[in-house]
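Comments concern the structure below.
The values are calculated or read from the model by the stated rules, or taken from the named source; none is laboratory data. The structure displayed is predicted, hence computed values, not measured ones. Here Cβ is always computed from backbone atoms with ideal geometry, including for glycine, and neighbour counts include all displayed protein chains. These area figures cover heavy atoms from the full protein model, side chains too; ligands, DNA and RNA do not enter into them. Shrake-Rupley method; radii C 1.70, N 1.55, O 1.52, S 1.80 Å.
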Amino acid sequence: MASPRISLVIPTQRRPDGLSVAARSTFRQTGVAPGLLELVVVDNDQTPSAQATVEALVAEAPFPVTYVHEPNPGVANARNAALEQAKGEFIAFLDDDEEAPPGWLAALIAAQKRFEADVVFGPVRGRAPARVTRHRNYLERFFSREGPAKAEVLDHYYGCGDSLIRRAALPDPNRPFSAIRNYIGGEDDLLFAQMKDAGAVFAWEPAAWVWEDPVPARLSLRYTIPRAFAYGQGPSAACAAASPPDRLGVAFWMAQGLAQAGVFGALAGLKWLIRAPDFAFTLDRAARGLGKTLWWGPFKIHFYGLRAGA
């Protein structure tokens, strides 16, 4: 059998139900010959907890499915372990809390051909259960990814979930994700920044959208506001990690963040007092500003790489 042209990759950690939904959505893809595809599931749990789920899915799959156990914790470790086993010329990433409609992959492929893109991104639509009513609009927006209304070449980049990457454009075809982002995330931002500096072409395809179903524990401000703070740290940390370090960039983002945190922090306090319906949106902006200012070691929040029971 010829090597697959496209490797679908789903990293997972202790989410058997979400993994099953995500994997089955890849089985239902239309407009792409199954003979061109493979699915690689990488299990980033300390024990191979997803193995039984993947073995059960194999019987339903219209193309080969490979299970990879990567016990070393960290989101970069998981993605790298998948790429070491993937055989495709292109890598399509789907998260284990996402569900792709049938035309998703075909839309990514069409955009890649149209723009000769090295990476294509699509929208993510956050979907909360009906029982979630408090801050519902904010929470669904938080877990969404919006972009241009039409397909086009981008001058920026998004995250790995819902993306198609041309393997030959990667700086390292097997282990391109940096281990320094294993526990805090942003490993994809670091990679795409490196690719952008090397002249990579990024594209956007609004037809290549997916659902995102966050786990219930994440559907609260207790999760999203610290996460917004961590997202805010990205620009300052990226400037500090540049070679050589971009000190002017760090100073710029810190100053901007301080102003943002002050203005939106005060406004959030006022909106909380009057119970304004958009309070959460304003608090989010304040948290992102504070993250730009407080971005170094002691303020880093670990969202990834936790072992079982952690």
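Given the structure, is W253 touching a strand residue (DSSP E or B) at 6+ places or on another chain (Cβ under 8 Å) and either among the aliphatic types (A, V, I, L, M) or surrounded by 14 or more Cβ atoms within 10 Å (Cβ to Cβ) (or both)?
When the stated conditions are applied, W253 does not pass them.
In segment 50-75, which residues are among the small types (G, A, S), without any contact (Cβ under 8 Å) to a residue 40 or more places away in the chain and under 26 Å from D188 (Cα atoms)?
Selection gives A50 alone.
Anything in segment 195-226 that is under 16 Å from I91 (Cβ atoms) and in a helix (DSSP H, G or I)? List them, or say none.
Answer for segment 195-226, where residues must be under 16 Å from I91 (Cβ atoms) and in a helix (DSSP H, G or I): just M195.
Report yes if G262 is within 20 Å of K300 (Cα to Cα), part of a helix (DSSP H, G or I) and modelled with pLDDT of 95 or more, otherwise no.
Taking the combined requirement at face value, the residue does not satisfy it.
Residues to consider are F202, F177; find the one that is in contact with a strand residue (DSSP E or B) (Cβ under 7 Å, 6 or more places away or on another chain) and in contact (Cβ under 8 Å) with a residue 24 or more places away in the chain.
F202
Restricting to segment 12-24, name every residue that is part of a helix (DSSP H, G or I) and either open to solvent by 60 Å² or more (accessible area, probe 1.4 Å) or among the aliphatic types (A, V, I, L, M) (or both).
Answer for segment 12-24, where residues must be part of a helix (DSSP H, G or I) and either open to solvent by 60 Å² or more (accessible area, probe 1.4 Å) or among the aliphatic types (A, V, I, L, M) (or both): P16, D17, L19, V21, A22, A23, R24.
Name the pairs whose Cβ atoms lie under 6 Å apart, with the first residue in segment 101-120 and over 11 Å from G31 (Cβ atoms), the second assigned to a helix (DSSP H, G or I) and at pLDDT 95 or above, and 6 or more positions between them or separate chains?
These pairs meet every condition: D118/A169; V120/L108; V120/A111; V120/Q112.
In segment 131-146, what count of residues is obtained for those that are outside any strand (DSSP E or B) and closer than 28 Å to V201 by Cβ?
Here the count works out to 3.
How many residues, within segment 176-192, are within 29 Å of A106 (Cβ to Cβ) and open to solvent by 30 Å² or more (accessible area, probe 1.4 Å)?
1
Filtering segment 238-250 down to residues that are part of a helix (DSSP H, G or I), of a type outside the set (A, V, I, L, M) and out of contact with any Gly (no Cβ under 9 Å at 6 or more places or on another chain), which residue is most open to solvent (accessible area, probe 1.4 Å)?
R247
Within the group A149, A110, A128, which residue is open to solvent by 30 Å² or more (accessible area, probe 1.4 Å), aliphatic (A, V, I, L, M) and either part of a helix (DSSP H, G or I) or in contact with a Leu (Cβ under 6 Å, 6 or more places away or on another chain) (or both)?
Result of the check over A149, A110, A128: A110.
Which of the numbered conditions does G269 fail, given that it passes all the others? Conditions: (1) in contact with a helix residue (DSSP H, G or I) (Cβ under 8 Å, 6 or more places away or on another chain); (2) assigned to a helix (DSSP H, G or I); (3) exposed (fewer than 15 other Cβ atoms within 10 Å of the Cβ).
(1)
What tally of residues in segment 91-144 results from selecting those that are among the aromatic types (F, W, Y) and either farther than 21 Å from S20 by Cα or in contact with a His (Cβ under 8 Å, 6 or more places away or on another chain) (or both)?
Residues that pass the stated criteria total 4.
Go through G159, G88 for me and flag whichever is under 23 Å from R218 (Cβ atoms) and in a loop (DSSP other than H, G, I, E, B).
G159
Inside segment 25-76, can you point out the residues that are in a strand (DSSP E or B) and either surrounded by fewer than 18 Cβ atoms within 10 Å (Cβ to Cβ) or at pLDDT below 95 (or both)?
T66, H69
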